[in-house]
1. Each residue of region 117-133 in turn: what ³J(HN,Hα) in whole Hz from Karplus with 6.51, -1.76, 1.60 and θ = phi - 60°, glycine and Pro shown as x?
2. Projecting each Cα onto the charge dipole of region 80-151 (Lys/Arg +1, Asp/Glu -1 at the beta carbon, about the Cα centre), which of HIS97, LEU131, VAL143 comes out farthest on the positive side?
3. Using DSSP to call loops (not H, G, I, E or B), can you name the trypsin sites (Lys or Arg not before Pro) in region 107-151 whose Cβ has at most 11 other Cβ atoms within 10 angstrom?
4. Against the longest principal axis of the chain, how steep is helix 35-47, in degrees 0 to 90 to the nearest 10, with axes from Cα atoms?
5. Direction-averaged shadow area of the convex hull around the Cα atoms of region 80-151, nm²?
6. If you put +1 on each Lys and Arg Cβ and -1 on each Asp and Glu Cβ, how big is the dipole of the chain around its Cα centre, in Debye rounded to 20?
7. Using 0.36 nm per residue, how much length does the chain from THR138 to ARG9 gain when fully extended, once their Cα-Cα distance is taken away?
8. Set the Förster distance to 25 Å, then compute FRET efficiency between GLU60 and ARG39 from the Cβ-Cβ distance, nearest 0.05.
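Throughout, read-outs are computed from the coordinates displayed, never taken from laboratory work. Not measured: the values here are computed from a predicted model. No Cβ is skipped: glycine too gets one built from the backbone with ideal geometry, and neighbour counts run over all protein chains shown.
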Amino acid sequence: MPVERIAMRDVREIVRLRMAGLSTRQVGIRVGVAASTVRLTLRRLEAAGLDGPGALALSEAALERRLFDGAAGKRPGHRRVDEPDWGRIRRELQRKHVTLSILWDEYIAEHPDGYRYSRFCELYRSWGARLPVTMRQTELVPVDRTVWRLV
């Protein structure tokens, strides 16, 4: 599972604190990251040919491009297969007699090199888990003494 990329302001703070003479562990504690993250960041700076003042002189976008080989803003682990329209699939599943298997058959007919069924189901479930959970609440209101109505 890919790890979230460190913010460039934290990279600048790591550089500044290392220039001040703090140890890797102390820098990690002050920035709020693991010492291994500090070491990895310093290695990336060294591989990019940046020293402390050079890294601080760059803009955040330029620093990110230098550290991450021009992949600024790209998600790590980008999928190489055409993504299904998960919203459409969810709407279709709400119809009677429609199953995920049927929808996968339609997807694979359009994209023969697409996800296999198990991965398709796994991705759909992980997408659905990120949706906000809502519950419709109804209230019974008396119309007269013997009849109630849902509102």
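1. The phi angles translate into 4, 5, 5, 4, 5, 4, 5, 5, 5, 5, 5, x, 5, 8, 6, x, 8 Hz.
2. Highest projection toward the positive end goes to VAL143.
3. ARG116, ARG130, ARG136, ARG145
4. For 35-47 against the chain, the angle is about 60 degrees.
5. Working: hull surface 27.7 nm².
Convex hull of Cα atoms, orientation-averaged projection: 6.9 nm².
6. Roughly 460 debye, rounded to the nearest 20.
7. On the way: separation 129, 0.36 × 129 = 46.44 nm, distance 4.83 nm.
Roughly 41.6 nm would be gained on extension.
8. So, using R0 = 25 Å, E works out to roughly 0.70.
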